[in-house]
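The next block holds one structure in the form of structure tokens; read it before the comments.
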Amino acid sequence: MRKLWTLALLGLLAACNQNAIRPPQNPNPTLASGENLTYVQNEVVVAYQDEAALQEAIRKLGATEIARIPELRAALLRVPGDALQASKALKGLPGLRYAEPHLAMALAPKDDPVVQRRAGGGGLAPLGNPPDQIFDELPQYALDPRHLNARPAWDRGFFGEGVTVAIIDDPADVTHPDLAANWAGLAYDPVTNTTYTQASTWTAFIQGLGASNIYHGTFVASTVSAAKDGQGIVGLAPRTKFLPVAIFQPNYVGDFYTARGIVWAVNRGAQILNNSWGGLGYGNLVKEAFDYALANGVVVVASAGNSYKDEVRTPAGYPGIIASAAADGNRNKTNFSTYGRHISSAAPGLDVLLANPTWLG
């Protein structure tokens, strides 16, 4: 059964990747660049072995602790000077595993090759699609026998019942008619460490972020968990429950808050983490957060990327993560998909029908 739910994620990941830039809890963060890194100028991530080492790091830097992830023994510090230089100043300090600037290097949904299509008046219609592409109300070639071939799994009773998928992305619309029934009842803002249990307050949070720029998480959630109810579209695993984790608000919140979101999802029972985002560079803390997920038996899938070339992007390149590329309707690699020897799977990622957030009409 676990293999089927992994396949569900491959379908949603292929078309998705994100690009970014804003770590929060600082209303006007200043970004800096150096040594091929983009980071928050005055924030440092410190991974410690014991409390005494962390307190010594704080004292040495004249820093203030902003937040902590106990499961990873990591803290976010605000420092008076440049974060890259501050992290170097801690090198060799007994009891520290590493120190690094708070990285802001992932990519954002605006760079996805996504076109929103709205039909005037009458809505979307099948328009001569083969009968084997109609699974709910609208045609979905990605699920037909020539692509993901969903129906044989459904005929055997594999709909994803009992499986929870974390959508680590921008905040998904839990009120959408095709998604509301499959919301797991929790949603998370890792910046403020707030768990939402009411759809109305989650929606108010999204509206406060500027909802017109937020849509990608809803797109992704619908490829997994859209209900099989005779309306709209159906997800590949239409009885899974989904957990939204908002690491794009609408820009990237930074590695520390992303790691906190990953840990939250694992601790709340997610069996799969979907990561339709990525970037260049290597962050120790995000790597450790995914290791925490893998150590707890969670399947992790990530978009290979949309860079048009052969390269390794993270998190898709981390050990233990299933990297998925994008295929077109003819089962060939799309021209925009990243490719390389580390990629183990591909799935439809072009002209796939997706659910639009209700705040976009």
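Worth pointing out:
- Residues considered: Gly281, Gly317, Gly329. Of these, the only one that is part of a loop (DSSP other than H, G, I, E, B) and farther than 18 Å from Ala106 by Cα is Gly329.
- Verdict on Val224 being touching a helix residue (DSSP H, G or I) at 6+ places or on another chain (Cβ under 7 Å), at pLDDT 95 or above and under 12 Å from Asp170 (Cα atoms): no
- Every condition in (1) surrounded by fewer than 19 Cβ atoms within 10 Å (Cβ to Cβ); (2) under 26 Å from Val45 (Cα atoms) holds for Ala289 except the one numbered (1).
- Wholly within region 132-205, strands (runs of 3 or more DSSP E) carrying at least 1 residues that are among the aromatic types (Phe, Trp, Tyr), open to solvent by less than 50 Å² (accessible area, probe 1.4 Å) and under 21 Å from Ala346 (Cα atoms): none
- Once region 302-319 is narrowed to residues that are farther than 23 Å from His147 by Cα and open to solvent by 60 Å² or more (accessible area, probe 1.4 Å), the residue that is modelled with the lowest pLDDT is Val312.
- Residue that is nearest to Asn284 (Cα to Cα), among those in region 332-351 that are in a loop (DSSP other than H, G, I, E, B) and open to solvent by 40 Å² or more (accessible area, probe 1.4 Å): His342
- Region 52-69 residues that are closer than 17 Å to Phe256 by Cα, paired with ones that are open to solvent by 20 Å² or more (accessible area, probe 1.4 Å) and of a type in the set (A, V, I, L, M) (beta carbon under 9 Å, 6 or more apart): Leu54/Leu96; Thr64/Ile58; Glu65/Ile58
- Residues considered: Pro113, Pro94. Of these, the only one that is open to solvent by 50 Å² or more (accessible area, probe 1.4 Å), at pLDDT 95 or above and outside any strand (DSSP E or B) is Pro94.
- Condition check for Ile272: in contact with a Pro (Cβ under 9 Å, 6 or more places away or on another chain) and modelled with pLDDT of 95 or more: no
- Any chance Thr258 is more than 23 Å from Leu186 (Cβ to Cβ) and open to solvent by less than 30 Å² (accessible area, probe 1.4 Å): no
- Within region 214-266, tally of residues that are β-branched (Val, Ile, Thr) and part of a helix (DSSP H, G or I): 8
- Test: Asp291 is closer than 30 Å to Glu161 by Cα, of a type in the set (Asp, Glu) and modelled with pLDDT of 95 or more: yes
- Filtering region 61-74 to residues that are in a strand (DSSP E or B) and surrounded by fewer than 22 Cβ atoms within 10 Å (Cβ to Cβ) leaves Thr64, Glu65, Ile66, Ala67, Arg68.
The values are calculated or read from the model by the stated rules, or taken from the named source; none is laboratory data. Being a predicted model, the structure only gives us computed values, none of them experimental. Glycine also receives a Cβ, built like all others from the backbone with ideal geometry; neighbour counts cover every protein chain displayed. Calculation scope for accessible area: heavy atoms of the full protein, side chains included, ligands and nucleic acids excluded. Shrake-Rupley method; radii C 1.70, N 1.55, O 1.52, S 1.80 Å.
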